[in-house]
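For reference, the structure is listed below as structure tokens.
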Amino acid sequence: PDAITVQELANRMAEKGADLVKSLFKMGMAVTVNQTIDQDTAELLVTEFGHNIKRVSESDIDIQTEADVDAPETLEARPPVVTIMGHVDHGKTSLLDAIRGANVQSGEAGGITQHIGAYQVALKDKSKITFLDTPGHEAFTEMRARGADVTDVVVLVVAADDGLKPQTVEAINHTKAAGVPMIVAINKIDKDGARPQRVREELLQHEIVVEELGGDVQDVEVSALKKTNLDGLLDAIALQAEILELKANPNRAAEGAVVEAKLDKGRGPLATVLVQRGTLKVGDVIVVGAVSGKVRAMIDDHGRQVKEAGPSVPVEVLGLGGVPSAGDTLTVVENEARAREVAAYRQGVMDRKRTTSAPVSLENMFASKA
Ligand code: GTP
Ligand code: MG
């Protein structure tokens, strides 16, 4: 069909009609749920909402429908994906480094681990947590604008000697807009001027009531420098993850999101991908954003080659025909002809999108699919 009502499209995507109307409004179209939109606009919306195109034939497309949602019995527990946010210099990177250093198993100490934008740490009970290195502000906005809804939990880092600052408030707003649960890490408690209680009180002004003050947002005092109470923070994350009951079907064709990508002189295009469902395997034919390719090799966050990567696992993927963008979706397809077809289709959508480009809004940055 070359026209579809907004409600019909919403139903097929298992989204709220009102959300589609809102999105259309941002693109400069005032329509109601009962009005029809053309195929081009429909396709744009489908991409906007992070759904996948299932089949491309001549000119028609099929979007991912509810039938493509994994059946409950196929779901298995997966590690939480945690993004660290906070004001400049409050210790985000130090905290990540400290956590990682404290958890990288000694046997893996084979020199400096190559940096990728995402990594996993294993807890004492063998469960895992996936951390996303906070990308620069612009990259982050870009990723969320593309509907890369990868974050399950946000850890808000606030320096105890500095308190809430503009970017802290920004991070709070992003997190709230996304409906993602937050854990507050009050950092730098080793410093003379540390006033953790003031941080808790300042948070009240933003309707964040931490546990210490009788609320339900977990707050943890840490020192990245002295490696104080890192376990406390990891426990808080594990507890939050337990509440969320995060699950994914590992036994299906993989889908994921690009965390970062670059062109390597020797190895060609490299994309750090976070697998969101299914298992990505060496040899899989993939489409990433508007780029197609075949997984030639995968490298984990310890620089080791791996043959497969399941839900919440970040890997560096080699074998792409070009460099995708952060936030792009990875999809496994049947064969290379099909990969090229989908890539070309997406390129067309992207070109159209560029000319109609909607402004980036905070609300859609984390765009939760739930
Ligand atoms: P940006 O990436 O620039 O936003 O900063 P960041 O939040 O990643 O902060 P970073 O980890 O780079 O730390 C900033 C400064 O604070 C560095 O000089 C750290 O050594 C220092 N720092 C971080 N954590 C602690 C801590 O727990 N205690 C003390 N005393 N200093 C810390
Ligand atoms: Mg940093």
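Each value in this text was obtained by applying a stated rule to the coordinates, not by laboratory testing. Since the model is a prediction, treat every value here as computed from it, not as a measurement. So basically every Cβ, Gly included, is an ideal-geometry build from the backbone, and we count neighbours across all protein chains shown.
One quarter of the surface of the convex hull around the alpha-carbon atoms of the range 196-331 equals 11.1 nm², the direction-averaged projected area. Of the cross-linked pairs K226/K262; K22/K176; K165/K191; K92/K165; K126/K176, those separated by over 23 Å at the C-alpha level are K226/K262; K126/K176. Placing a label point 7 Å from the Cα of Q197 along the Cα-to-Cβ direction, the residues of the range 205-222 whose backbone N falls under 13 Å of that point are 213.
Annotation for the range 194-282: GluC sites (Glu not before Pro) lying in DSSP loop with at most 11 further Cβ atoms inside 10 Å of their Cβ are E207, E245.
Legend: calculated FRET efficiency, M29 to Y345, from the Cβ-Cβ distance at R0 = 25 Å, rounded to 0.05, equals 0.70. Distance between the C-alpha centres of the range 210-280 and the range 1-39: 33 Å, rounded to the whole angstrom.
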